[in-house]
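Beneath this line is the structure, given in C-alpha cells, with notes to follow.
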Amino acid sequence: MAKFPNVALRHVGMYVTDMDRIVDFYVSILGFTVTDRAPYDGGEIAFLSRDPNEHHEIVLATGRPAGSFCTVNQISFRAESFADVRATYELVTAAKVERIDPIDHGNALSVYFWDPDDNRLEVYLPTPWYVAQPNRTFLDFSLSDEEIFAANEQACRADPTFRPLAEWQADFDARTKQ
C-alpha cells in the first residue's frame, strides 16, 4: 500500500453560528486578517490568515445550528517562545474570554481558551522533554518563567515515562522508516 505523501497541515475549516461575532473574535483578539469573505452556498464564508504566505489558515462557514454541539476538539498554535504563551494568557484574560485553562503537559506548556462558538483553542510551546500523554497539571502564570521551566523539568524527570525529546524523536523516526 502506498504511503500518504509528506504534506503539512495549513488550515482548518469550521461551521459557525454567528459569522460576525466569530470573525470579530479572531480578528480583534487573535490578530487574524480577513483575506476574503463572500456569500456561499446559501450562507457566508470567510477566509482568515496571519501569514501572507497562506491565503487562509482558518475558514469559517455559516451553517452550524445555534446551540449545537461543537465537534472541534481543539485548534492549536505553536508559539515561538514562552513569552508568546504568557502574552496569550494575558491577552485572553484582559479580553475577558470566559474560559481559560493554562496547562503544563510536560512535553508542552499551553494556554487553552474557547472562542464564542465554544471551539477550544490552544497556544503552546514544546519543551525538550517527552512524557506519556495525557499529562495535565495547572500552569501557574503567577510564577516567573524560570520557576515554570524548573517545575516543568522537575515534574517530567519524576515521571517514569520521562525521556529527553531528542531520544523520543530518534525512536519515532526509526519506527516510521520501517
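What follows draws every value from the coordinates through simple rules; no lab data is involved. Since this is a predicted model, take the numbers as computed values, not measurements. As a convention, Cβ positions derive from the backbone with ideal geometry for all residues, glycine included, and neighbour counts pool all protein chains shown.
Once amide H atoms are placed 1.01 Å from N in the peptide plane, what residues at a sequence separation of 5 or more from Thr33, or on another chain, have their amide H within under 5 Å of its amide H?
Ser49, Arg50
How much net charge surrounds Trp114 when only other residues with a Cβ under 12 Å from its Cβ are counted (Lys, Arg +1; Asp, Glu -1)? Intermediate values should be presented prior to the final figure.
On the way: positive: Arg99, Arg120; negative: Glu98, Asp101, Asp115, Asp117, Asp118, Glu122.
Charge balance near Trp114 sits at -4.
Can you put Glu80, Glu57 in order, fewest other beta carbons within 10 Å first? Before the final figure, lay out each step's value.
Numbers: Glu80 8, Glu57 19.
By the 10 Å Cβ count, ascending: Glu80, Glu57.
Summing -39500 (n - 2.57) over the DSSP H runs of n ≥ 4 in the chain and dividing by its residue number, what mean residue ellipticity at 222 nm do you reach, to the nearest 500 deg cm²/dmol?
Mean residue ellipticity at 222 nm (helix-derived): -8500 deg cm²/dmol.
What percent do you get for the relative contact order of the chain when only Cα pairs under 8 Å and 6+ apart count? Don't skip to the end; give the middle numbers.
Values: 278 pairs, mean separation 29.3, N = 178.
Dividing the mean separation by the residue count of the chain yields 16 percent.
So how compact is the chain: Cα radius of gyration and Dmax in angstrom?
Taking only Cα atoms of the chain, I get Rg and Dmax of 18.7, 55 Å.
Taking the number of other C-beta atoms within 10 Å as the exposure measure, put Tyr15, Tyr40 in order starting with the fewest. Each step should come with its number before you reach the end.
Values: Tyr15 17, Tyr40 12.
Listing Tyr15, Tyr40 from fewest to most nearby Cβ atoms yields Tyr40, Tyr15.
Given the convex hull over the Cα atoms of segment 1-43, what projected area results after averaging over all orientations, in nm²? Provide the component values of the computation, followed by the final result.
Numbers: hull surface 21.3 nm².
Directional mean of the projected Cα hull area for segment 1-43 stands at 5.3 nm².
To the nearest 10 degrees, how steeply does helix 145-158 sit against the main Cα axis of the chain, on a 0 to 90 scale?
Helix 145-158 and the main axis of the chain meet at about 60 degrees.
For the chain, with only Lys/Arg (+1) and Asp/Glu (-1) charged at the beta-carbon, what is the dipole magnitude about the Cα centre, in debye rounded to 20?
Taking the Cα centre of the chain as origin, the dipole is about 560 debye.
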